[in-house]
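The values are calculated or read from the model by the stated rules, or taken from the named source; none is laboratory data. Everything quoted here is computed from the prediction, not taken from an experiment. Cβ atoms come from the backbone with ideal geometry, glycine included; neighbour counts cover every protein chain shown.
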Amino acid sequence: MEPNVVRLIRWQAYSAGRSHNVNPNDTMAAAGINASTDTWCYRTSEYRMRAGSVAGYQRLHRLAGAIRFVWNYLLSENNEQYAEAKAHCTRKPRTSARQFTRRFTVLRNDPEFAWLQDHSSNIVGKTVAERLAKAFAAFHRNRKSAAARGKPLKDKKGRLKWFPQFKSKHARVFSFDLHPGQFRVKDGCLRIQKLGWITLKRRGGDPYAGEHVIKVVCRCV
């Protein structure tokens, strides 16, 4: 089995032939950036995570499992509400990130799923809400494009193409995102909310040391 992998994504602007780091919490104007002349890019570096103990790896995989469970639960709930709305000709459920966040809050406060309290609601809720909303947006966009071109909307098995799929418990790889406020990067270590510090290893060291990290993608294998 391969080790767990983390990607650090940094935000950098190029202006007048010179590059400088930008704090993601700063606006372009506050950072002295000209939106019409500056070019932005993302820099990504990949590391291997060393949790330091079996318990550390187990906590990491439990977090990934919680995200997978919430994804499947919200997707199933959305499908049921859609079927019910279609049968009764009522308003169909919304698929925005805000709506999924509200549903997650209700789920997390349910005594039956009290174990979700052990994980950061900020990490689990935001990862699922944003990814699920993007998946539905892509589904509607691709469906509209295919219909305009006269392409089939279903596969050979009669299933809707591009529709968000359930995450398998036995999938080899599963990932989740960390956004500003959910993590810290310092001295070659990554701190995740409610998990603590994890050592990051990369052959050759950090090529972009000192630059602001705006997003972290953790892949559990």
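Table: residues versus (1) closer than 27 Å to Glu80 by Cβ; (2) among the aliphatic types (A, V, I, L, M); (3) surrounded by 16 or more Cβ atoms within 10 Å (Cβ to Cβ).
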{"residue": "Arg149", "(1), (2), (3)": "no, no, no"}
{"residue": "Trp162", "(1), (2), (3)": "yes, no, yes"}
{"residue": "Phe176", "(1), (2), (3)": "yes, no, yes"}
{"residue": "Asp187", "(1), (2), (3)": "no, no, no"}
{"residue": "Trp197", "(1), (2), (3)": "no, no, no"}
{"residue": "Glu211", "(1), (2), (3)": "no, no, yes"}
{"residue": "Cys220", "(1), (2), (3)": "no, no, yes"}
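With respect to Thr101, determine if the residue is under 27 Å from Arg219 (Cβ atoms), part of a loop (DSSP other than H, G, I, E, B), out of contact with any Lys or Arg (no Cβ under 7 Å at 6 or more places or on another chain) and of a type in the set (Ser, Thr, Tyr).
Criteria not met by Thr101.
Please verify whether Ala114 is over 16 Å from Val6 (Cα atoms), surrounded by 13 or more Cβ atoms within 10 Å (Cβ to Cβ) and either modelled with pLDDT of 90 or more or in contact with a Pro (Cβ under 7 Å, 6 or more places away or on another chain) (or both), treating the condition exactly as stated.
no
Go through the stretch 182-201 and report how many residues are part of a loop (DSSP other than H, G, I, E, B) and either among the aromatic types (Phe, Trp, Tyr) or touching a helix residue (DSSP H, G or I) at 6+ places or on another chain (Cβ under 7 Å) (or both).
Residues in the stretch 182-201 being part of a loop (DSSP other than H, G, I, E, B) and either among the aromatic types (Phe, Trp, Tyr) or touching a helix residue (DSSP H, G or I) at 6+ places or on another chain (Cβ under 7 Å) (or both): 3 in total.
Could you list, in sequence order, all residues of the stretch 128-167 that are in a helix (DSSP H, G or I) and out of contact with any helix residue (DSSP H, G or I) (no Cβ under 9 Å at 6 or more places or on another chain)?
Selection gives Ala137, Ala138, Phe139, His140, Arg141, Asn142, Arg143, Lys144, Ser145, Ala146, Ala147, Ala148.
Looking at the stretch 57-86, which of the residues that are of a type in the set (Phe, Trp, Tyr) and within 11 Å of Lys167 (Cβ to Cβ) is farthest from the chain's Cα centre (by Cα)?
Tyr73
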